[in-house]
Amino acid sequence: MNEEKEKGNILEEVTSSEYKYGFVTDIETETAPIGLTEDTIHYISNKKNEPEWLLEYRLKAYRHWLTIEEPDWALLNHPPIDYQNIIYYAAPKQKKELESLDEVDPELLDTFKKLGISLDEQKMLTGVAVDAVIDSVSVKTTFQDTLAKHGIIFCSFSDAVKEHPELVKKYMGTVVPYTDNFFAALNCAVFSDGSFCYIPKGVRCPIELSTYFRINAANTGQFERTLLVADEGSYVSYLEGCTAPQRDENQLHAAIVEIITHDDAEVKYSTVQNWYPGDKNGVGGIYNFVTKRGLCKGHNSKISWTQVETGSAITWKYPSCTLLGDNSIGEFYSVAVTNHHQQADTGTKMIHIGKNTKSTIISKGISAGKSNNTYRGLVRVSKKADNARNFSQCDSLLLGDKCGAHTFPYIKNNNRSSVVEHEATTSKISEDQLFYCQQRGIDTEKSIGLIVNGYAKEVLNKLPMEFAVEAQKLLAITLEGSVG
Amino acid sequence: MLLNIKDLHVSINGKEILKGLNLGVNKGEVHAIMGPNGTGKSTLAAAITGREGYEITSGEIIYKGEVINDLAPDERANKGVFLSFQYPVEIPGVSITNFMRTALNAKREFLGEDPIPAGEFLKKMEEKKKLVDIQSKLTNRSVNEGFSGGEKKKNEIFQMAMLEPTMAILDETDSGLDIDALKVVANGVNALRSEDNGFVVITHYQRLLDYIVPDFVHVMYDGKIVKSGGKGLALELEEKGYDWIKEQL
Ligand SMILES: Nc1ncnc2c1ncn2[C@@H]1O[C@H](COP(=O)(O)OP(=O)(O)OP(=O)(O)O)[C@@H](O)[C@H]1O
Ligand SMILES: [Mg+2]
């Protein structure tokens, strides 16, 4: 009932078609000189007081990056990115190391408050621990003490490098090596901060963990990385949210997320991606080139990706699962909405290596305006993956006739005992449906919001409650002005 | 007069379907409209409720003294005009509960009222479900998705009961109903019938009119109302068919 109520309110709340998070925080920022050379990498590494091994890793990645080209196979159109015209490091100036929340710049606290995220543990939604990252650094991680009691490590990536170097060294780059792709190599060279999480053996993380990313400074790129390790028999549900100010120039975001699950471990990773999408005419917005991958290393382990993609001018993103352990399970649930001039090329890869591995892919693309929305997926079953199972369903919903929806499902099945199933549909919101809602007194925009949320329900239901509510609002907001 | 339709001409894609239709409904009245297939009964319902593509080329639809020819469909609905659809539409993923709450609150917002409190809403749902004898489980399901023909029609009457319209148009709500469901639907309508509202009931069968007794019966033919009378007219039609009326024209 409560949920129904929330849903009702959400649709009512949605009245302005502005991007609500477009404000800029006026804080003193320290930035690296513009452009990218080995000096930039030394600068970043130095700022972060990094150990030698990490600097070496960065430099190797950088040298590799220099030898490769930006990929061009995605169905995306954008002017060439000038990598020398980007600032690779920006940090809110802070006087000293923080001991408590009182010492965090009030402007920053205010920023997160405006975004609906309280960093004050007393005032927080119970049950969610947050790592707040602004531009290149983590500002604050909440509930660390509570988590420490369970032996859970949840901290900024920089802190993890200092305090748990053995864990970082052991796992970093094992799922997404710097050679993986152009944007991954770039991230490995210049990544600034991000989150690190380790759940020890047999521990079920009692609260949701969450990282909130915010780009604030102009002309900067954001290159964070997240590393999540679930040891044997552990469980964690992890949320990621992001926003950016409204600016006329495009900004680059190239992140890496790596997840490792050991035997019998499970990770649920949920994203609500709401980077600034650009304006109605396609000016500005974030270029979002992200590499996310999970490795089901252990037997009976499970990784589940749920994403709601509403933001960014360009989205290039394929959260994937490598199913190495026998009986391991990979899931991908996605809603991608594009409006105006937004472009999304997103999907997943499910690589079946272990026996009896299972994967499920549910993708709901919604396109409006002059946008383009592409599902691109790969299901690969290796020779040894006996009895592997995959089920994929890719649905596209079109609003209007100037937008595009495309589906590219690649299937490579090398094992005869395995079954790969694929279903796809393309539909439009029918005039009948719209009129039916309107006849009940619901105006056009709310009707579309209602129908679209219904369409995406299967995926939205996979999100933790607070996020589901947020996501529903976002879907409705994103599609405002898409008809009429 | 609650609803006053004067010399209404309506075209779809340039083709004239309603050709000078007149109809007046006072508060407290039930009007039945009968007529052969394809004569424009559903077109009339669509024109009154403001469906896109139904172009009023001349004439007026006056509701509560206001010409509503150019009002948006949701505005007409919020002013109290309701249509029970001949072919109810499926909306996957949207539960009836959610749908009704959204609709009720849209109306309340239109009237400058606060959203309905959860408790009050639930109570109302229970009450109206009983009225049309629909199972509790049904309202948790998506609107009309996988509903049987009868369930769809009952759901229309349920929504009517929830939204308490002033002017309700029922377009063949009786088609496809078994006798028990027919009684339930009729009881639903009779319970809502009052001195303050009016009904237009479109039907092919006199049978329904045994349960919802009309004040007037109209025969529609080729885009016009060609004959009007009391409830006896329905019986006459049942007996003789439409040919004798055509001959009179
Ligand atoms: N969208 C449309 N495009 C073209 N013609 C239409 C459209 N809708 C209705 N018509 C035509 O208008 C005429 C009247 O149709 P309408 O549905 O109003 O009839 P009806 O009296 O309700 O019939 P029935 O008893 O079969 O329900 C028919 O000839 C029909 O084919
Ligand atoms: Mg009809």
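The values are calculated or read from the model by the stated rules, or taken from the named source; none is laboratory data. If you're wondering where the values come from, they're calculated on a predicted model, not measured in any experiment. Quick reminder, even Gly has a Cβ in these numbers, built from the backbone with ideal geometry, and neighbours come from all protein chains shown. With ligands, DNA and RNA removed, areas are computed over all heavy atoms of the protein, side chains included. Shrake-Rupley method; radii C 1.70, N 1.55, O 1.52, S 1.80 Å.
Charging the Cβ of each Asp and Glu at -1 and of each Lys and Arg at +1, and nothing else, the dipole of segment A:310-384 about its Cα centre rounds to 260 debye. Pairs of Cα atoms under 8 Å, at least six residues apart: use those to get the relative contact order of segment B:113-249, whole percent. RCO, segment B:113-249: 18 percent. Applying 1/(1 + (r/R0)^6) with R0 = 35 Å to the Cβ-Cβ distance of residue A:42 and residue A:144 gives a FRET efficiency near 0.70. Pairs of lysine residues in segment A:235-309 that meet both criteria, 8 or more places apart or on different chains and Cα atoms under 23 Å apart, total 4. Using alpha carbons only, how many angstrom separate the centre of segment A:279-308 from the centre of segment B:1-63? If we compute the Cα centre of each part, the gap is 53 Å. Each DSSP beta bridge with both residues in the protein assembly as shown is either parallel or antiparallel, and the antiparallel ones are about 20%. Each label was represented as a point 7 Å from its Cα along the Cα-to-Cβ direction; for residue B:183 and residue B:27 these points are 3.3 nm apart.
Peptides A:168-181, A:312-325 ranked from most to least packed, by the mean per-residue count of other Cβ atoms within 10 Å: A:312-325, A:168-181. A full extension of the chain between residue A:166 and residue A:179 corresponds to an added length of 2.5 nm, given 0.36 nm per residue minus the alpha carbon distance. Which one, A:167, A:212, A:223, is farthest towards the positive end of the dipole of segment A:143-223 when Lys and Arg carry +1 and Asp and Glu -1 on their Cβ? The one lying farthest along the dipole's positive direction is A:167. In chain B, helices alone account for a calculated mean residue ellipticity at 222 nm of -11500 deg cm²/dmol, with every DSSP H run of four or more residues adding -39,500 (n - 2.57). For the protein assembly as shown, taking the reciprocal of the average inverse distance between every pair of different Cα atoms yields a Kirkwood hydrodynamic radius of 28.5 Å. Could you tell me which of the pairs A:355/A:462; A:317/A:358; A:201/A:364; A:402/A:462 are separated by over 29 angstrom between their Cα atoms in the structure shown? From A:355/A:462; A:317/A:358; A:201/A:364; A:402/A:462, over 29 Å: A:201/A:364; A:402/A:462. Projecting the Cα atoms of B:18, A:418, A:369 onto the charge dipole of the protein assembly as shown (Cβ charges, centred on the Cα centre) puts A:418 farthest toward the positive pole. Measuring between their Cα centroids, segment B:160-236 and segment A:138-188 lie 69 Å from each other. Take residue A:53, project a point 7 Å from its Cα along the Cβ direction, then tell me which residues of segment A:139-168 have their backbone nitrogen under 20 Å from it. Output list for this probe position: A:153-168.
Atom-type composition of the exposed protein surface of chain B places 46 percent of the accessible area on carbon and sulfur (1.4 angstrom probe). Packing, as the average of other Cβ atoms within 10 Å across residues, places the peptides A:68-76, A:41-49 in the order A:41-49, A:68-76, highest first. Buried area at the A:B interface is about 2700 square angstrom, summed over both chains, from accessible surfaces computed with a 1.4 angstrom probe. With axes computed from alpha carbons, what is the tilt in degrees of helix B:149-163 against the longest principal axis of chain B, rounded to the nearest 10 within 0 to 90? So the helix axis and the longest Cα principal axis differ by about 80 degrees. For segment A:75-90, the residues whose amide N sits under 20 Å from a probe point set 7 Å from the Cα of residue A:69 along the beta carbon direction are A:75-84. Site pair residue B:249 and residue B:11 shows an inter-label distance of 2.1 nm when each label is modelled 7 Å from Cα along Cα→Cβ. Across the cross-link table entries B:19/B:227; B:15/B:224; B:79/B:130; B:27/B:64; B:130/B:153, which are compared at the Cα atoms, the separations over 18 Å belong to B:79/B:130. The simple spin-label model puts a point 7 Å past each Cα toward its Cβ; for residue A:421 and residue A:30 those points are separated by 5.7 nm. Between the beta carbons of residue B:130 and residue B:222, assuming R0 = 51 Å, the FRET efficiency works out to 0.75 to the nearest 0.05.
Selection among B:61, B:88, B:47 by position relative to the dipole of chain B gives B:88 as farthest towards the positive end (Cβ unit charges, Cα centre). What the Cβ-Cβ distance of residue B:191 and residue A:413 gives, at R0 = 56 Å and to the nearest 0.05, is a FRET efficiency of 0.40.
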